[in-house]
1. Say whether the condition of being over 22 Å from THR48 (Cβ atoms) and out of contact with any helix residue (DSSP H, G or I) (no Cβ under 7 Å at 6 or more places or on another chain) is met by at least one residue in the range 214-222.
2. Kindly provide the set of residues from the range 23-63 that are of a type in the set (A, V, I, L, M, F, W, C), more than 15 Å from the ligand (Cβ to nearest atom) and not in a loop (DSSP other than H, G, I, E, B), ordered by number.
3. Any residue at all in the range 87-103 that is assigned to a helix (DSSP H, G or I), under 30 Å from MET49 (Cβ atoms) and modelled with pLDDT of 90 or more?
4. What about ALA81, is it under 23 Å from SER200 (Cα atoms) and without any contact (Cβ under 8 Å) to a residue 24 or more places away in the chain?
5. Would you be able to tell me the number of residues in the range 216-246 that are surrounded by fewer than 17 Cβ atoms within 10 Å (Cβ to Cβ), more than 21 Å from the chain's Cα centre (by Cα) and of a type in the set (S, T, N, Q)?
6. From the list SER227, SER202, which one is in contact (Cβ under 8 Å) with a residue 24 or more places away in the chain, within 16 Å of the ligand (Cβ to nearest atom), small (Gly, Ala, Ser) and in contact with a Leu (Cβ under 9 Å, 6 or more places away or on another chain)?
7. Please specify each residue of the range 1-13 satisfying the condition of being among the β-branched types (Val, Ile, Thr) and either buried (at least 19 other Cβ atoms within 10 Å of the Cβ) or within 14 Å of the ligand (Cβ to nearest atom) (or both).
8. Yes or no: LEU106 of a type in the set (A, V, I, L, M, F, W, C), in a strand (DSSP E or B), in contact with a helix residue (DSSP H, G or I) (Cβ under 7 Å, 6 or more places away or on another chain) and touching a residue at least 12 places away in the same chain (Cβ under 8 Å)?
Amino acid sequence: VPAAGSILYLDGVSVSFDGFKALNALSLILAPGELRTIVGPNGAGKTTMMDVITGKTRPDEGDVLFDEKVDLTRLDESEIANLGIGRKFQKPTVFEHLSVFENLELALKADRGAFATLMFWLSGEQRDTIDATMARIGLADKSRHLAGALSHGQKQWLEIGMLLMQDQRLLLLDEPVAGMTDSETEATAQLILDLARDGSRSLVVVEHDMEFVRALGAKVTVLHEGSVLAEGTLETIQADSKVIEVYLGR
Ligand code: ADP
């Protein structure tokens with residue numbers, strides 16, 4: 001089986017919009033526990049790839065398999081989320097009028113639905129989980145702060161924390177450091193490396209910031225015109241003449 005040993009397997013995936021191929025026979029294999037960075041010029045198909053993995057867009061052709069054998073092309077967005085695939089968009093969508101703790105509490109109880117869940121008591125174990133997550137995302141001293149009062153970077157970390165409350169097996173992060181200061185970017189790289197280190201989840205990070213890509217030190221996949229142009233270490237792909245041509249124009 002070609003997908004054996006993979007957490008995510010895309011093979012020959014194509015998506016057309018009005019005859020324009022946003023994805024063109026895209027193939028990508030991610031190992032369990034792997035951290036992968038995706039780069040590529042605007043319009044390369046990065047967002048469409050994330051949309052296909054999360055069930056927002058159905059491919060016209062190709063295989064999309066999770067955990068070797070779960071066919072994601074047959075599932076809808078909520079079914080895919082329930083498998084443990086979480087996505088963070090560029091813009092943080094935290095509840096601004098709730099505290100950091102309450103945002104995490106809601107995310108933890110999300111399966112019970114809506115704000116009414118804030119009326120139920122938390123178990124000691126759930127409290128510990130939230131405290132540990134706040135420490136992990138660097139917001140241990142912001143528990144009672146309103147999310148709306150956090151910096152842009154802190155909101156992004158809170159949203160990553162909210163994804164962590166769901167025990168995701170695969171996290172998709174779309175430009176996590178866009179708009180961040182240098183020190184926030186550095187802290188985010190450390191957070192993502194920390195998340196990758198425990199081996200229980202895989203991460204796909206789409207990013208433009210090459211300093212950040214370098215800090216992650218992960219295998220890099222370069223998308224161009226809907227398919228993979230190059231794959232390897234940042235050093236390898238930066239020396240690749242095809243990649244240089246695409247980024248610098250001919
Ligand atoms: P990236 O995220 O790498 O910038 P996208 O996946 O957003 O690239 O887009 C790939 C191409 O597909 C672009 O040319 C874009 O204009 C086109 N595209 C994406 N989504 C749609 C859509 N819903 N309808 C029409 N064209 C789209």
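1. Residues of the range 214-222 over 22 Å from THR48 (Cβ atoms): 214-217.
Narrowing further to those that are out of contact with any helix residue (DSSP H, G or I) (no Cβ under 7 Å at 6 or more places or on another chain): 217.
Checked the range 214-222: at least one residue is over 22 Å from THR48 (Cβ atoms) and out of contact with any helix residue (DSSP H, G or I) (no Cβ under 7 Å at 6 or more places or on another chain).
2. Step one: filter the range 23-63 for residues of a type in the set (A, V, I, L, M, F, W, C), giving 23, 25-26, 28-31, 35, 38-39, 44, 49-50, 52-53.
After this cut, where a residue has to be more than 15 Å from the ligand (Cβ to nearest atom) as well, the list is 29-31, 35.
Once the filter is applied, which keeps residues that are of a type in the set (A, V, I, L, M, F, W, C), more than 15 Å from the ligand (Cβ to nearest atom) and not in a loop (DSSP other than H, G, I, E, B), the range 23-63 yields ILE29, LEU30, LEU35.
3. Taking the range 87-103 as the starting set, the residues that turn out to be assigned to a helix (DSSP H, G or I) are 100-103.
Checking the rest, the ones that are also under 30 Å from MET49 (Cβ atoms) come to 103.
Keeping just the survivors that are modelled with pLDDT of 90 or more gives 103.
Yes: one or more hits.
4. Values: under 23 Å from SER200 (Cα atoms): yes; without any contact (Cβ under 8 Å) to a residue 24 or more places away in the chain: no.
Here the answer is no, as ALA81 does not meet what is asked.
5. The number of residues fulfilling the criteria is 2.
6. Details: SER202 fails: within 16 Å of the ligand (Cβ to nearest atom).
Selected residue: SER227, the only one of SER227, SER202 that is in contact (Cβ under 8 Å) with a residue 24 or more places away in the chain, within 16 Å of the ligand (Cβ to nearest atom), small (Gly, Ala, Ser) and in contact with a Leu (Cβ under 9 Å, 6 or more places away or on another chain).
7. Residues of the range 1-13 that are among the β-branched types (Val, Ile, Thr), as a first pass: 1, 7, 13.
ILE7, VAL13, listed by residue number.
8. Numbers: of a type in the set (A, V, I, L, M, F, W, C): yes; in a strand (DSSP E or B): no; in contact with a helix residue (DSSP H, G or I) (Cβ under 7 Å, 6 or more places away or on another chain): yes; touching a residue at least 12 places away in the same chain (Cβ under 8 Å): yes.
Answer is no for this residue.
The values are calculated or read from the model by the stated rules, or taken from the named source; none is laboratory data. Note that the structure is a prediction, hence the values are computed from the model and not measured. With ideal geometry, Cβ positions are generated from the backbone for all residues, glycine too; neighbour counts draw on all protein chains shown.
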